[in-house]
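To keep things clear, I will list the structure first and then write my remarks on it.
The values are calculated or read from the model by the stated rules, or taken from the named source; none is laboratory data. Note that this is a predicted model, so its numbers are computed, not measured. Note that we place each Cβ from the backbone using ideal geometry, even for glycine, and neighbour counts take in every protein chain shown. Heavy atoms of the whole protein, side chains included, go into the accessibility calculation; ligands, DNA and RNA do not. Shrake-Rupley method; radii C 1.70, N 1.55, O 1.52, S 1.80 Å.
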Amino acid sequence: MLNKFSAVALALAFTAGASWAQSTYPNRPVTMVVPVPPGGILDAVARMVVPSMTQSLGQPVVIDNKAGAGGNIAATAVARSAPDGYSLLVGYSMFHVGNPSMYSNLSWDPLRDFTPIGMLVVSPHVLAVHPSVPAKNLKELVAYTKANPGKMNYATSGNGSVPHVGVELFKQQNGLDLTHVPYRGAGPAMLDVVAGNVQMTVATPPSLLGFVQSGKVRALAVASPKRLDIMPDVPTAAEAGFPGFELEAWVALFAPAGTPPAAIAKLTEAVKVAMESPQVRKSAETAGMEVRYMTPTQLDAVVRKDITYWSKVIKTANIRAE
């Protein structure tokens, strides 16, 4: 049995060891788990910040793509990992705040199981139509759709995607009858809009830009607070007369709940340095995204607000991802 002095010495040694472990974090590679396959925008954002974060942390930051189940495989893996700062989730907005309303039996919770580290980028979305649609602006589109109920279809990158939920919001705001046509990705969706098989879509700027410039689709509005530099002639939804229609996907970094504050602080600082890098900013802008760094507290507020906001839209539209 330990005597009193031995017990005190053991406690002091344990405290010193824990303190040392936190002060020397990280002392091995940090893994960023990405919920999509290599090659997509979300994966590109993660790889965009890896060089800077590796330099800031003094340890390799490696990407682990765990695609599938609408982001749930990746989220579950990180939520169940040790809360030590070595396993992080690259969170995508509709996965993180929409899945709790779209899946009935999630094994993870965005608030209970994760600690925010920082916002990385946001990606605005653009509403566009095939040139055969006789609408030159958003007001004309709403009027045309109301005059032709059930005849307008819209293509998205998939059921439960940001574009899907966004158009459902637009429908609810304006009392429209539109039919959803989901595809496996933005590419196939755009091709069918360009071909005139589907009349309307909502997509990110990179998916649309070339087709807009060639006149194969007509961009009507940007669902963002400000116009896009790469599409300066396209008005915002607010400028077009629909101030309540905003649709921006975000990408952020999260750690498992219970991760030591010292590790969160180092990760947050590394993210901040990365997002202030001219190279990262240029890469983001080239991909049609905007760097919008946020602290853990600011990101937490966005997550809570978005969960409340989008859950109403999803439940009203009865969107199920299963």
Solvent-accessible area per residue, Å², over the chain with all protein chains present [probe radius 1.4 Å]: 45
Solvent-accessible ranking of PHE211, PHE254, PHE242, largest area first, probe 1.4 Å: PHE211, PHE242, PHE254
For the chain, with +1 on Lys and Arg beta carbons and -1 on Asp and Glu, the positive-most of PRO29, ASN153, GLY196 along the dipole: ASN153
Simple spin-label estimate for GLN55 and ALA317 in nanometres, 7 Å along Cα-Cβ: 4.1
Mean residue ellipticity (222 nm) of the chain, computed from DSSP H runs ≥ 4 via -39,500 (n - 2.57), nearest 500: -13000 deg cm²/dmol
Cα gyration tensor of region 51-130 - equivalent ellipsoid semi-axes, whole Å, descending: 24, 20, 11
Relative contact order, percent, region 185-256 [alpha-carbon distance under 8 Å, six or more residues apart]: 19
Projected area averaged over orientations for region 56-184, convex hull of C-alpha atoms, nm²: 10.6
GNM top mover of LEU208, LEU176, LEU127 - the chain, alpha-carbon springs below 10 Å: LEU176
Alpha-carbon centroids, region 152-206 and region 288-305: separation in whole Å: 26
Nearest-10 value in Å² for the accessible area of ARG47, using the 1.4 Å probe: 110
Per-q log10 I(q)/I(0), region 182-322, q = 0.11, 0.21 Å⁻¹ (Debye; single scatterer per alpha-carbon; no solvent): -0.58, -1.39
Radius of gyration and maximum dimension Dmax of region 175-251, Cα, Å: 12.8, 32
GNM result for the chain, Cα springs below 10 Å: residue of SER132, SER283, SER101 fluctuating most strongly: SER132
Carbon plus sulfur fraction of accessible area for the chain, probe 1.4 Å, in percent: 57
Helix 162-174 vs. the chain, principal-axis angle (Cα, 0 to 90°, nearest 10): 50
Rg and Dmax [Cα atoms of the chain; Å; Rg one decimal, Dmax integer]: 22.3, 87
Candidate lysines - alpha carbon under 20 Å from LYS139, same-chain residues fewer than 8 apart omitted: LYS151, LYS171, LYS226
Relative contact order of the chain, defined on C-alpha pairs under 8 angstrom at six or more residues apart (%): 27
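Where a ≥ b ≥ c are the square roots of the eigenvalues of the C-alpha gyration tensor, would you call region 268-322 rounded, which needs a/c under 1.5, or, failing that, prolate if a/b is larger than b/c, or oblate?
It comes out oblate by the Cα gyration axes.
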Built amide H within the under 5 Å cut-off of GLN199, gap 5+: ASN153
